[in-house]
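Here's the structure, in structure tokens; my notes come after.
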Amino acid sequence: MASTVVTLNVGGQVFQTTRGTLLRHDNSYFTAMLSSSAWQPEAQGAYFIDLDPTHFGRILNYMRFGDLVLDGLPDWETNQVMRMLQYLSLDTPPHLGLLWDAAACGRNTLTNQCRTITAAASFKSYAALGWHSADSYSVHIDAIVIDLERPAMRIGFANRDSFDPTEPLESGIDVRLIGPAQLTHFGEPTRPPHVLFANVGDIITVSWSRKDGRVVGCKHGDVQTKAIATTPLVMSDDDPFPCVSLRAVQTVNFALSKREWVQSQVSLTETPP
């Protein structure tokens, strides 16, 4: 009869837990490890797992109790924990919600445990990809720049396999700052069908329609005004991945006689009712 205690050697550090804990999640790395006769422990009786052990205890506690605690972790360590879940074929706990992928954000900056993304201080805009696929999501606009020639940000979707953070996001809604530059002589905003006007504090929700091949965006509190963009992408069988492209602009601080960067910033948030 197989022992109920399993010893794991994770990157040189020993952990012990029960078979029941390791088999609690279906179709995981551990399910394959414990059900395959070809996968045997080392001479010392431990199964070797080629991972950094620093946060493996968090993974075990998640498997035991269902809660993945990331409080206090810097963003790059949060990303490492997420990659461990991916490596071990473990589902991400629903309470974490959507996150940005630190390995797929170009030179943009992630904060707030990979939920907030700030545009790179660069004349070039970079795209960022979400960790998980979704056919609808919302972002809160924390900061937005004004650029007379280009949108402050584009919010939409992309395929993970073909994603390149240095390439423009093709499938998305353009978001521009509300202001005089968007007004006609009659004082009304001129809005192309794929553009939304927004400001700091607004929540933008975008959805992808598989049937129509369209990205539809609206601003919370103004559902009558929708922006629609036809996506040129052929999506895979899975849902597309959230994707944003953010812009920064350089301004002159006359008080200090120097140039400064002003950067757009958005945070993933729950879609309002």
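Of everything listed in (1) in contact (Cβ under 8 Å) with a residue 12 or more places away in the chain; (2) in contact with a Ser or Thr (Cβ under 6 Å, 6 or more places away or on another chain), the single unmet condition for Q16 is (1).
Tell me whether segment 45-65 contains one or more residues that are part of a loop (DSSP other than H, G, I, E, B), modelled with pLDDT under 95 and farther than 29 Å from F241 by Cα. Yes, that holds for at least one residue.
For segment 156-178, what are the residues that are within 14 Å of the chain's Cα centre (by Cα) and assigned to a loop (DSSP other than H, G, I, E, B)?
N159, R160, F163, P165
When D142 is tested against (1) in contact with a Leu (Cβ under 9 Å, 6 or more places away or on another chain); (2) part of a strand (DSSP E or B), exactly one condition is not met: (1).
Among the conditions (1) assigned to a loop (DSSP other than H, G, I, E, B); (2) in contact with a helix residue (DSSP H, G or I) (Cβ under 9 Å, 6 or more places away or on another chain); (3) within 24 Å of V262 (Cα to Cα), the only one that A120 does not satisfy is (2).
Look at V69 and say whether it is surrounded by fewer than 16 Cβ atoms within 10 Å (Cβ to Cβ), part of a strand (DSSP E or B), not basic (K, R) and not assigned by the TED database to the domain that holds L129. Against the criterion (surrounded by fewer than 16 Cβ atoms within 10 Å (Cβ to Cβ), part of a strand (DSSP E or B), not basic (K, R) and not assigned by the TED database to the domain that holds L129), V69 does not qualify.
For (1) among the β-branched types (V, I, T); (2) closer than 19 Å to S89 by Cβ; (3) touching a helix residue (DSSP H, G or I) at 6+ places or on another chain (Cβ under 8 Å), each residue gets a yes or a no:
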position	(1), (2), (3)
R24	no, yes, yes
P41	no, no, no
A46	no, no, no
R64	no, yes, yes
V69	yes, no, yes
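The values are calculated or read from the model by the stated rules, or taken from the named source; none is laboratory data. None of the values given here were measured: they were computed from a predicted structure. With ideal geometry, Cβ positions are generated from the backbone for all residues, glycine too; neighbour counts draw on all protein chains shown.
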